[in-house]
Amino acid sequence: LVRELVGRTRLQKHFSVDGIDDLHKLYPDRINNKTNGITPRRWLIQCNPGLTSLAREAIGDRFLDDIDAIKDLDGFAGDAAFRDKFAAVKRANKARLANLVADRLGIKVDPSALFDIQIKRIHEYKRQLLNILEAIALYDQIRSHPERDWMPRVKFFGGKAAPSYHNAKLIIKLANDVAKVINRDPAVRGLLKVVFVPNYNVSLAEIMMPAADLSEQISTAGMEASGTGNMKFALNGALTIGTLDGANVEIKECVGDDNIFIFGLTTAEVAERRNNGYDPRAVIEGSPELAQAVAAVSSGVFSPDDPERYRDLINGLYNSDWFMVAADFDAYAAAQREVDAVWRNSPDWYARAIRNVARVGWFSSDRTIRQYAKEIWNVPV
């Protein structure tokens, strides 16, 4: 049966949706979903001993063996003394990351600023480019309106590109070029910095994730199967800004609408735009902030040594924008200003962060394996 179905689609790279649909019609109980998970032994207990100790002090030790018990922290979100202790743990984790960045890159960042972090494989569908363009737009806004009460922010990037993935490598270069310009500009010093941390690996992730205030999970809706970075960030007390893509959908269900920042097109809306003559040039020209940011990149503002460096990358936005960077830009920028507003109210921010920690125990690999054992392998748990 599998040979027959694959044979129908042998010219395609992957097993087709139609083939899977045929198999499902023949055997409707064979295909089922198990959301993946993370191990709390590494992604909380090992990498965040400060938060682990605080949780043990508040709710006891049961969560060390049964992460579902972390839900008992939920009641402490309204406790001012606990919020202060939680904030102190987060501040210590941020100071550790700030020291690492100073040692490795010579860049000084303030741990009191909002640490906005996107670390994952560099890929156009994960939309690091959207994040960079928003950073440029924010940079322009700060310079144009110094009278506004801007919230200090550090945007961190990390991740690796496939050796032959030209655009991904260009995005890494762009992040570093943008960082050079913004970090050297006295007009925004103390208000915005951009840091691309090189040589991203698990050891670095164990430092960056506990330090995150904001977790960037901004892939084009419908393109992320189900990453686990968003789970790791949330378990360590970061709020998520993201699209309804991958496990963001289930994280939203678990933490509640008020404890996550959701923006952008849905999977169905992305498909509709692609099928009905989407015009990214009109979208870019209709968004003053985006148009200004795109023009700055295209004209060489961030690459004076090679003004043409990013021309093809930007032309791709104007001519196709397959990953809906332009389409989602204004919604993303609005969500970031909502982030600023919540960050300004420190007790509210940390209450939401505590609820994230308390409500994501379900995203444990222990639960995933139990489901496999019971529902697929038919072995005792």
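If each residue's Cβ is checked for other Cβ atoms within 10 Å, how do MET231, MET208, MET223 rank with the fewest at the top? Write down the numbers at each step before the final one.
Values: MET231 28, MET208 25, MET223 19.
Taking fewest neighbouring Cβ atoms as first place, the list is MET223, MET208, MET231.
LEU244 to ASP103: FRET efficiency via 1/(1 + (r/R0)^6), r the Cβ-Cβ distance, R0 41 Å, to the nearest 0.05?
For R0 = 41 Å, the calculated efficiency reads 0.60.
Hey, fewest Cβ within 10 Å first, where do ASP29, ASP74 land in order?
ASP29, ASP74
By a straight-distance test (C-alpha under 20 Å), which aspartates and glutamates pair with LYS180 as possible cross-link partners, with residues fewer than eight away in the same chain excluded?
ASP103, ASP110, ASP116, GLU134, ASP140, ASP305, ASP306, GLU308
Given the options ILE262, ASN48, ALA137, identify the residue whose Cα lies farthest towards the positive end of the charge dipole of region 40-377 (+1 on Cβ of Lys, Arg; -1 on Cβ of Asp, Glu).
ASN48
If you place +1 on the Cβ of every Lys and Arg, -1 on the Cβ of every Asp and Glu, and leave all else neutral, what size is the dipole of region 285-350 about its Cα centre, to the nearest 20 Debye?
Details: 4 positive and 12 negative charges, 21 e Å.
Rounded to the nearest 20 debye, it is 100 debye.
Enumerate the calculated ³J(HN,Hα) couplings along region 43-60 in order (Karplus 6.51 cos²θ - 1.76 cosθ + 1.60, θ = phi - 60°), each rounded to whole Hz, writing x wherever the residue is Gly or Pro.
For region 43-60, the Karplus-derived couplings read 8, 9, 5, 7, 8, 9, x, x, 5, 4, 5, 5, 5, 4, 4, 7, 10, x Hz, x marking Gly and Pro.
What's the longest bit of the chain with no exposed GluC sites (Glu not before Pro), using DSSP loop states and at most 16 other Cβ atoms within 10 Å as the test?
Working: sites that count: GLU147, GLU308.
Here the longest run is 148-307.
Please compute the modelled spin-label separation between LYS160 and LEU64, points set 7 Å along Cα→Cβ, answer in nm with one decimal.
Going by the 7 Å Cα→Cβ label model, 3.4 nm.
Rounded to the nearest 500 deg cm²/dmol, what is the calculated helix-only ellipticity per residue at 222 nm for the chain, with -39500 (n - 2.57) per DSSP H run of length n ≥ 4? Walk me through the numbers before you get to the answer.
Working: 16 runs with 192 residues, N = 381.
The per-residue figure over the chain is -15500 deg cm²/dmol.
Once phi is turned into θ = phi - 60°, what whole-Hz ³J(HN,Hα) does the Karplus curve with 6.51, -1.76 and 1.60 give for every residue of region 338-353, x standing for Gly and Pro?
Values, residue by residue: 5, 4, 4, 5, 6, 4, 4, 9, 4, x, 5, 4, 6, 4, 5, 5 Hz.
If each of VAL301 and ILE20 carries a label point 7 Å out from its Cα toward its Cβ, how far apart are those two points in nm?
4.1 nm
Using each residue's phi in region 235-244, evaluate 6.51 cos²θ - 1.76 cosθ + 1.60 at θ = phi - 60° and report the 3J(HN,Hα) Karplus result to the nearest Hz, with x for Gly and Pro.
Per residue, the Karplus-derived 3J(HN,Hα) values read 5, 9, x, 9, 8, 9, 10, x, 8, 7 Hz.
Which aspartates and glutamates have a Cα lying under 15 Å from the Cα of LYS374, excluding residues fewer than 8 positions away in the same chain?
Here the aspartates and glutamates satisfying the reach criterion relative to LYS374 are ASP29, ASP366.
Please give the Cα centre distance for region 364-381 versus region 18-49, rounded to the nearest Å.
Region 364-381 and region 18-49 have Cα centres separated by 11 Å.
Sort all Cα-Cα distances of the chain into consecutive 10 angstrom bins from zero, then give the percent of pairs in each bin up to the one containing the longest distance.
With a bin width of 10 Å, the distribution comes to 5, 22, 31, 25, 13, 5, 0.
Going through the cross-link list LYS90/LYS173; LYS126/LYS173; LYS126/LYS193; LYS85/LYS120; LYS34/LYS126, which pairs have a Cα-Cα distance over 24 Å in this structure?
In this structure, LYS90/LYS173; LYS85/LYS120 lie more than 24 Å apart at Cα.
In what sequence do MET324, MET151 fall when counting other Cβ within 10 Å, fewest first?
Ranked by crowding around the Cβ, least crowded first: MET151, MET324.
Compare VAL325, VAL188, VAL202 in a GNM of the chain, Cα atoms joined below 10 Å, and give the one with the largest fluctuation.
Ranking VAL325, VAL188, VAL202 by mean-square fluctuation puts VAL202 first.
When only C-alpha pairs under 8 Å and at least 6 residues apart count, what is the relative contact order of the chain, in percent?
22 percent
Compute a Gaussian network model of the chain, connecting alpha carbons closer than 10 Å, and tell me which residue from ASP65, ASP140, ASP340 fluctuates the most.
So, out of ASP65, ASP140, ASP340, the one fluctuating most is ASP65.
For region 40-377, with the dipole built from +1 on Lys and Arg beta-carbon atoms and -1 on Asp and Glu ones, taken about the Cα centre, which of LEU97, TYR350, ILE117 lies farthest toward the positive end?
Sorting the options by dipole projection puts first LEU97.
A short reminder: the numbers here are calculations on the coordinates, not readings from a lab. Remember, predicted model here, so these are calculated numbers, not experimental data. Cβ sites come from the backbone with ideal geometry, for glycine too, and all protein chains shown count toward neighbours.
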